[in-house]
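Peer 1: Please see the structure below; I have some questions.
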Amino acid sequence: MSDTKAITISVNGKARTVNAPPEMPLLWALRDELGLSGAKFGCGGGFCGACTVHVDGSPTRSCQLTLGDLGGGKVTTIEGLADPLAERLRKAWLEIDVMQCGYCQAGQIMTAHALLSQNPRPSAAEVDAAMEGNICRCATYPKIREAIRNASGQGGKA
């Protein structure tokens, strides 16, 4: 890695400065430099979705995006996800008791939030397509789908 620089990024609505090399993955800046541990390291290759955050509202694998490539993108982590949709998702997750180990759940909720922001009443196939890249080692997929349906106001099992 190259020399560290003072890099200012927008995280959860606030400008934050980290001293890091531009090629540092966003995930490490969030976790190690800013203390935001909601996004998790999973596969390190962008395949599992545990590190999902929003950049300008789109689900993004923070292990694959470097600080230098972030540009002026606005980052939202699970810690900063605060709106009525986020509350409906959290409530649905708890009511259905989705979590087992919980490791992937921040990434799951971030992806579900992006889906419902774009498509408030997705079909089962649309939910499956949107969530396809988020892996759950505990295989809570049916509960995740049910929670998304409940948060979307469609209720019932998918």
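Peer 1: Say we join alpha carbon atoms closer than 10 Å with springs in a Gaussian network model of the chain; which of Q108, Q64, Q118 then has the biggest fluctuation?
Peer 2: Result: Q118 has the largest fluctuation of those listed.
Peer 1: In what sequence, highest mean first, do 92-104, 10-22 appear when ranked by Cβ atoms within 10 angstrom?
Peer 2: Top of the packing list down: 92-104, 10-22.
Peer 1: Continuing with this model, one more query. Tell me the Kirkwood radius of segment 80-127: reciprocal of the mean inverse pair distance over distinct alpha-carbon atoms, in Å.
Peer 2: One over the average 1/r among Cα pairs gives 11.3 Å for segment 80-127.
Peer 1: Taking +1 at the Cβ of each Lys and Arg and -1 at the Cβ of each Asp and Glu, which of A114, N134, Y103 sits farthest along the dipole of segment 97-158 towards its positive end, judged by Cα position relative to the Cα centre?
Peer 2: Y103
Peer 1: Quick one: net charge of L67's neighbours, Cβ under 9 Å, K/R +1, D/E -1?
Peer 2: On the way: positive: K5; negative: E23, D69.
With Lys, Arg at +1 and Asp, Glu at -1, the net is -1.
Peer 1: In addition: As a check on your grasp of the helix formula, calculate [θ] at 222 nm for the chain: sum -39500 (n - 2.57) over DSSP H runs of n ≥ 4, divide by the residue count, round to the nearest 500.
Peer 2: Helix-only estimate at 222 nm: -9500 deg cm²/dmol.
Peer 1: Roughly what angle does helix 105-118 make with the longest principal axis of the chain, taking Cα atoms, 0 to 90 degrees, to the nearest 10?
Peer 2: Once rounded, one gets 80 degrees.
Peer 1: Any idea what angle helix 84-96 forms with the longest principal axis of the chain, computed on alpha-carbon atoms, 0 to 90 degrees, nearest 10?
Peer 2: Helix 84-96 and the main axis of the chain meet at about 60 degrees.
Peer 1: So how far apart, in nm, are the two label points at F41 and T17 if each is 7 Å from Cα heading toward Cβ?
Peer 2: The answer from the label model is 2.7 nm.
Peer 1: Could you work out the mean projected area of the convex hull around the alpha carbons of segment 38-130, in square nanometres to one decimal?
Peer 2: Mean orientational projected area (segment 38-130, Cα hull): 6.3 nm².
Peer 1: Another question about this same structure. Which three numbers, in whole Å and largest first, are the semi-axes of the equivalent ellipsoid of the chain derived from its Cα gyration tensor as √(5λ)?
Peer 2: 29, 15, 13
Peer 1: Can you list the HN-Hα couplings for segment 55-71, worked out from phi with the Karplus curve (6.51, -1.76, 1.60; θ = phi - 60°), rounded to whole Hz and with x for Gly and Pro?
Peer 2: Once θ is set to phi - 60°, the couplings for segment 55-71 become 10, 6, x, 9, x, 9, 7, 6, 6, 9, 9, 8, 4, x, 8, 5, x Hz.
Peer 1: Which trypsin sites (Lys or Arg not before Pro) from segment 98-158 combine a DSSP loop assignment with at most 11 other Cβ atoms within 10 Å?
Peer 2: Those that pass, being in a loop and sparsely packed, are K157.
Peer 1: Between rounded, prolate and oblate, where does segment 83-158 land on the alpha carbon gyration tensor, with a ≥ b ≥ c its root eigenvalues, rounded for a/c under 1.5, else prolate if a/b exceeds b/c? Could the numbers behind the result be given before it?
Peer 2: Numbers: a/c = 1.37, a/b = 1.22, b/c = 1.12.
Taking the square roots of the gyration eigenvalues as a ≥ b ≥ c, segment 83-158 is rounded.
Values in this text are rule-based calculations from the coordinates and carry no lab data. Remember, it's a predicted structure, so these values are computed and weren't measured experimentally. Glycine also receives a Cβ, built like all others from the backbone with ideal geometry; neighbour counts cover every protein chain displayed.
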